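Engineer: One structure is given below, represented as structure tokens, and several questions about it will come after.
The values are calculated or read from the model by the stated rules, or taken from the named source; none is laboratory data. Quantities reported herein were computed from a predicted structural model and do not represent experimental measurements. Virtual Cβ from ideal backbone geometry, glycine too; neighbours counted across all protein chains shown. Ligands, DNA and RNA are excluded from the accessible area calculation, which covers all protein heavy atoms including side chains. Shrake-Rupley method; radii C 1.70, N 1.55, O 1.52, S 1.80 Å.
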Amino acid sequence: MQLSRYNIISKVKDSNNWFIVNSLSGNADLIDHETLIQLQTNDFSNPEFSEKGYVTDPAREKKLFREKYLKFLDDREKDEIQIFFVTNYSCNFSCSYCYQAGYEEQPMSLNRQTIDAFFSYILNEFAGRRKYITLFGGEPFLNAPKHKEHIAYIIEKASLAGIEIAAVTNAYHLADYIDILKKGLIREIQVTLDGTREMHNRRRFLKGGAPTFDRIVEGIDHLLANRIPVNLRMVVDRENIGNLPDLAQFAIDKGWTASPLFKTQLGRNYELHECQSNQQRLYSRLELYQDLYELLKRFPHIGEFHKPAFSISKFLFEQGELPAPLFDACTGTKTEWAFDFTGNFYACTATVGKQGESLGTFYPEIKKYTGAIEEWQNRDVLSIPKCRSCELSLICGGGCASMAKNYNGTLNSHDCRPITELLELGIAHYFNE
Ligand code: SF4
Ligand code: SF4
């Protein structure tokens, strides 16, 4: 018997306790110093150690790994697919940090033939799979009459096929789209608000500089009044993190947080593939969570607005168990695809529209770049050299393939996540009291 390869043991922040998490057996415990010493000195007399898989026979552990890996692959085959459709790369905003700012203008635009080809491709390719479509841009809800007609056509076609629609929008023209949305099966509308009025307007303004906050707030009100679910996203970096308590209070005062149709996410502003003009304001993943941890202590009402994941800590707290082992964190080409109005398709939103990243076309003809698709589909913690021996692998899942390629030049490489440190913070946040 020996210690499991998948134990993560560390100290809970601001506490005298330690924690042990085993991502393969699915167990986790808070442990005192005495138990920690037992584990560190290979004193395995406590029967719980082997019952919970903290101490194990390596052959048995390998067998369990194989079983859970096969189950992961099996379950993923049945998972719902998220299909992004980029209706245009143009946008009426000129956000200070836009990663698409360097994208070239396309000579063509959305038309009915491309929309028909898109539906025919996905209905055939993903027949029998649960799926939904997310409209994406640029900005998909632009206010040009022809464009609006096309969006209405997509929503109508999706409805006829029984497919739900989501959208990622800057929400400026939402009020003009409500009637169109009401005709569809709308899963949720993701709207970005980067803070309260002054902060938001400093970061997210129209081309030409006009403010956008009030229109977006109105748009959110319209959605909720029409019972359309809202996913409010705040893109955070060092410039606006200090505004989070105010935005949380604003959402509480508006009554948004009391609605079951309202949820939130914090998106870390990071360098994707266009250089950020002001890199100093970007957070690493860990720095962001460190600051969030402190902010939550000072302003507990933030928790009413948003409950950060801190890796798997929130899941563990809310569900009372660990999530299933994550053999692959990257959904691209597995349960996520991204299509665009030029007739190309890609692995996901991180690569959509990026030169050299197309995995095929669905219009005017169907072409699949099989070698490139397989490279994406075969990437998981077993195919990435560094991940194979990493004790964090079944929580980290190898990170993001696109980021890995940006950093290391190859898809089959690691994009490490600070799992242990996030657990130190998250277990403290959710369990210290
Ligand atoms: S490449 Fe990154 S952004 Fe794209 S699906 Fe994978 S993890 Fe997500
Ligand atoms: S990406 Fe890094 S942290 Fe994640 S599993 Fe691989 S080696 Fe471990």
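Engineer: Which of the residues spanning region 242-263 are more than 13 Å from H306 (Cα to Cα) and either modelled with pLDDT under 95 or in a helix (DSSP H, G or I) (or both)?
Structural biologist: G242, N243, D253, K254
Engineer: Another one. Which pairs do you get when a residue that is without any contact (Cβ under 8 Å) to a residue 24 or more places away in the chain, found in region 121-144, comes within reach of a residue that is crowded, with 22+ Cβ neighbours inside 10 Å, reach meaning Cβ atoms under 8 angstrom, with the pair 6+ apart or on two chains?
Structural biologist: none
Engineer: Return the pairs, sorted by first residue and then second, in which the second residue is surrounded by fewer than 14 Cβ atoms within 10 Å (Cβ to Cβ) and in a helix (DSSP H, G or I), the first residue lies in region 297-309 and is modelled with pLDDT of 95 or more and of a type in the set (D, E, K, R), the beta carbons are less than 7 Å apart, and the residues are 6+ apart or on different chains.
Structural biologist: none
Engineer: Could you grab the pairs with beta carbons closer than 6 Å, sequence gap of 6+ or different chains, first residue in region 18-29 and in contact (Cβ under 8 Å) with a residue 12 or more places away in the chain and of a type in the set (F, W, Y), second one outside any loop (DSSP other than H, G, I, E, B) and open to solvent by 40 Å² or more (accessible area, probe 1.4 Å)?
Structural biologist: Pairs found: W18/K11; F19/L30.
Engineer: What are the residues in region 238-273 that are over 15 Å from G195 (Cβ atoms) and among the small types (G, A, S), if any?
Structural biologist: Within region 238-273, G255, A258, S259 meet the criteria.
Engineer: Within region 151-183, how many residues are under 24 Å from the mean Cα position of the chain (by Cα) and in a loop (DSSP other than H, G, I, E, B)?
Structural biologist: 4
Engineer: While we're on this one: Among the helices (runs of 4 or more DSSP H) confined wholly to region 340-433, which include 3 or more residues that are within 16 Å of ligand 2 (Cβ to nearest atom) and surrounded by 19 or more Cβ atoms within 10 Å (Cβ to Cβ)?
Structural biologist: Answer list for region 340-433: 393-396, 401-408, 419-431.
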